[in-house]
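Encoded as C-alpha cells, the structure appears first; notes follow it.
The values are calculated or read from the model by the stated rules, or taken from the named source; none is laboratory data. This one's a predicted model, so the numbers in the text were calculated from it and none came from an experiment. All Cβ positions, glycine included, derive from the backbone under ideal geometry; neighbour counts span all protein chains shown.
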Amino acid sequence: MGMSRMPLSFFNTLTKQKDVFQLPSPARKVRMYNCGPTVYGMQHIGNLSMFVFTDILRRALEWNGFSVKHVINITDVGHLSSDTDVGEDKMTLGLKREKLKLTLENMRLLADRYADIFIADLEKLNINTSQIQFPRASDHVPAQIAMIKTLEEKGYAYKMSDGVYFDTERFPRYGQLGGIDLEGLKEGARVAPVSGKRNPTDFALWKLNPKLGWESPWGKGFPGWHIECSAMIRVTLGERIDIHTGGIEHIPIHHNNEIAQSECATGKRPLSRFWLHREHIQMQGDKIAKSKGNAVYLSEIIERGFHPLSLRYLFLGAHYRTPANFSWEALTASQNALGNLLSIVDKAVAASGNVLGTAPSSWMKKFRAHINDDLDTPGALATLWDMTKDTSLSPPDLLAGVIEMDKVLGLDLHEPDEAAQRLMGKDIAVAELPQEVRELIERREEARNRKNWQGADALRAQIQEKGFTVEDSGTGVRVIQK
C-alpha cells in the first residue's frame, strides 16, 4: 500500500513513551533483532507468543512501506539458569536431562534438535522463517572473543578467578533502559552476589571452564549470555540497529548489559533506536514457565484438535504490552471465532466468484489507526469483524478488505489450509472424500435403505470420528468437514 500519511508509532522502552518510527536517511531497510530462544528444550507457548508479536511487528513495518532485515538469534551456549552470573549453563542442564555426555558435539546435537522444532513451530503459526536469519551463538564465538578483547583494551573489562567481567561503573548510563534502580541493585536486592566483583551490577563476559568450552586469551570456557547478542547483532546487522525486542524480563539485566558492552566496544550510540518488550502470557494469573510446571506446548495444542492459528488468534486478542491469559476455554473460543471468520470469508469468495474489488477506504483507515498505534491488534481485529458486518459492502470489496487486513494479522483467511477449512464446517463433495469415508457413507446409505437405523447411527458416529458430519436432506447426503 506504500507509505501511509498516518505515522507508525511504537512504545519505546528507552524513551518511556510512544515514538514515531522513521528510518534515518539514507537507510532503506529496518534492521530488527529479536532475542531468541535458548534451545535446551522445546519452547512453550509463552515463548512462542514473543515471535507472533515480532511477526506482527514485521508485517506492520512492511505494510507501511518499509523493508526489514530480520534476525532471531539461537542461544545454544552460555545462558545460565539465572539471568545473572550464577547457576548452570542451560544447555548443560539439557544434556544432563537427556543423559548425554557433556561435550560440545552433543551440545550441538541437542541444539539442532530443539532449534528445528522451534522453527517448525514458528511456521505452523504462519511465520515466514525463510525471510529471517537465525544466527547461532556457538557459530560466533570468535566474534564474541574479539569484542571482549576490545572491551578489555579500552579498560571496561577485568578478570576474576572464574572469568572476565564488565565494569558497569565505567558506563554512567547503565540501567537507563527501563529506569532501573541502581541503588536497589547495589544493595543486592536484584542481582545475586558474586564474590570479587567490583560492583553488584558487573556481569560476566567470559566464564572459565577447564572441562568444556573454547580456548580464549583468558583460558578455556564459554561466553557470557549477554555478549552473544551484542556480537551477533554486530555481525548480522551492524553496530547500530533500528529495533530490538524481547520479553519484559530482559529489561533489567540482559538488555541493559547489551547496551553497555555494545556501546562501549563500538563507541557508537544508541545500540538500538527502539526497544519493544512483550508482556508475559499467563495461566490462571501466573506466568507460563517450565519452572512453574504450567508449560503448554504447541504440539499439545495440536494433539487436542486445535489449529495452530487459533493460538495466533488468541494472541492477537490482547495487546503485546498487556499480560494475556491462556486457558483451554479461551483457546476454544478463539478457534470458534476463527472458524466463523473463515466461514464469512468463504461466503464472500463464493458470492464474488473470488474476484477482488477495492478494499473499503473507511474501514482501512480505522484498521490502520489501530495497527499504527503501537500494534493495537485487539482494535484491529475488532475492526475486521465490524467490516464483515457492513451490509453496504459488495462481496468483492469485502474480500479485498479482508485480504488487505490479513497481510498484517496473518491468519490465512483467504486461502486456509485443509485443517483450517474443517473449522468452518465446509461442504465437501462425496467424490472428494477419502476412500474409507466414502465407503462408510455408502454402508450407511445401505443401512438406511434397509431401515436399519441403529446401524446407520453407528456408521454416522464412525464418520464423525474421522472429522466429517453427515446430514440427510431431500436432495441427498450433505457432508461437512469439521
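Here are the criteria: (1) part of a loop (DSSP other than H, G, I, E, B); (2) over 30 Å from I251 (Cβ atoms). Tell me which single one K347 does not satisfy.
Against the list (1) part of a loop (DSSP other than H, G, I, E, B); (2) over 30 Å from I251 (Cβ atoms), K347 comes up short only on (1).
Step by step: first the residues of region 221-252, then only those that are of a type in the set (V, I, T) and more than 22 Å from the chain's Cα centre (by Cα), then the one that is surrounded by the fewest Cβ atoms within 10 Å (Cβ to Cβ). Which residue is that?
Only one residue fits best here, namely V235.
Within region 400-419, can you find the residues that are aliphatic (A, V, I, L, M), within 24 Å of K124 (Cα to Cα) and surrounded by 21 or more Cβ atoms within 10 Å (Cβ to Cβ)?
Selection gives V402, M405, V408, L409, L411, L413.
When region 86-118 is examined, which residues are found to be surrounded by 13 or more Cβ atoms within 10 Å (Cβ to Cβ), among the polar types (S, T, N, Q) and within 29 Å of V194 (Cα to Cα)?
Matches in region 86-118: T92 only.
Determine which member of the set I281, I241 is among the β-branched types (V, I, T), modelled with pLDDT of 95 or more and either in contact with a helix residue (DSSP H, G or I) (Cβ under 7 Å, 6 or more places away or on another chain) or more than 19 Å from N34 (Cβ to Cβ) (or both).
After applying the criteria, what remains is I241.
Quick one: which helices (runs of 4 or more DSSP H) sit completely within region 386-471 and have at least 3 residues that are of a type in the set (D, E) and under 39 Å from the mean Cα position of the chain (by Cα)?
So the answer is 395-409.
If I ask for residues that are basic (K, R) and within 17 Å of the chain's Cα centre (by Cα), which ones from region 303-323 would you list?
R312, R321
Only one residue in E300, E329 is under 18 Å from the mean Cα position of the chain (by Cα), within 29 Å of E418 (Cβ to Cβ) and without any contact (Cβ under 8 Å) to a residue 60 or more places away in the chain, so which one is that?
That would be E300, the only listed residue that is under 18 Å from the mean Cα position of the chain (by Cα), within 29 Å of E418 (Cβ to Cβ) and without any contact (Cβ under 8 Å) to a residue 60 or more places away in the chain.
Taking N294, is it closer than 30 Å to D162 by Cβ and of a type in the set (S, T, N, Q)?
Considered against the rule, which asks whether it is closer than 30 Å to D162 by Cβ and of a type in the set (S, T, N, Q), N294 comes out as no.
Taking H255, is it surrounded by 20 or more Cβ atoms within 10 Å (Cβ to Cβ) and touching a strand residue (DSSP E or B) at 6+ places or on another chain (Cβ under 7 Å)?
Yes; evaluated as a whole, the condition is true for this residue.
Could you please give the count of residues in region 119-163 that are assigned to a strand (DSSP E or B), at positive phi and surrounded by fewer than 18 Cβ atoms within 10 Å (Cβ to Cβ)?
Counting residues in region 119-163 that are assigned to a strand (DSSP E or B), at positive phi and surrounded by fewer than 18 Cβ atoms within 10 Å (Cβ to Cβ) gives 0.
If I go through region 164-179 residue by residue, how many of them are under 19 Å from V194 (Cβ atoms) and surrounded by 18 or more Cβ atoms within 10 Å (Cβ to Cβ)?
Looking only at that region, the number is 9.
Would you say A380 is surrounded by 14 or more Cβ atoms within 10 Å (Cβ to Cβ) and either in the same structural domain as N128 (by TED's automatic domain parsing) or touching a residue at least 24 places away in the same chain (Cβ under 8 Å) (or both)?
Against the criterion (surrounded by 14 or more Cβ atoms within 10 Å (Cβ to Cβ) and either in the same structural domain as N128 (by TED's automatic domain parsing) or touching a residue at least 24 places away in the same chain (Cβ under 8 Å) (or both)), A380 qualifies.
Residues to consider are G188, G219, G179; find the one that is at pLDDT 90 or above and assigned to a loop (DSSP other than H, G, I, E, B).
Matching residue, one of G188, G219, G179: G219.
Checking the structure you have, find out if any residue of region 75-90 is under 19 Å from the mean Cα position of the chain (by Cα), in contact (Cβ under 8 Å) with a residue 24 or more places away in the chain and closer than 16 Å to E249 by Cβ.
yes
Name the single residue that is surrounded by the most Cβ atoms within 10 Å (Cβ to Cβ) among those in region 193-220 being closer than 23 Å to R170 by Cα and among the polar types (S, T, N, Q).
Looking at residues that are closer than 23 Å to R170 by Cα and among the polar types (S, T, N, Q), I get T201.
Can you name every residue in region 343-402 that is among the β-branched types (V, I, T) and either on the phi > 0 side of the Ramachandran plot or touching a Lys or Arg at 6+ places or on another chain (Cβ under 6 Å) (or both)?
T383
Based on what the data block shows, is G246 closer than 29 Å to L61 by Cα, in contact (Cβ under 8 Å) with a residue 24 or more places away in the chain and assigned to a loop (DSSP other than H, G, I, E, B)?
No: the conditions fail for G246.
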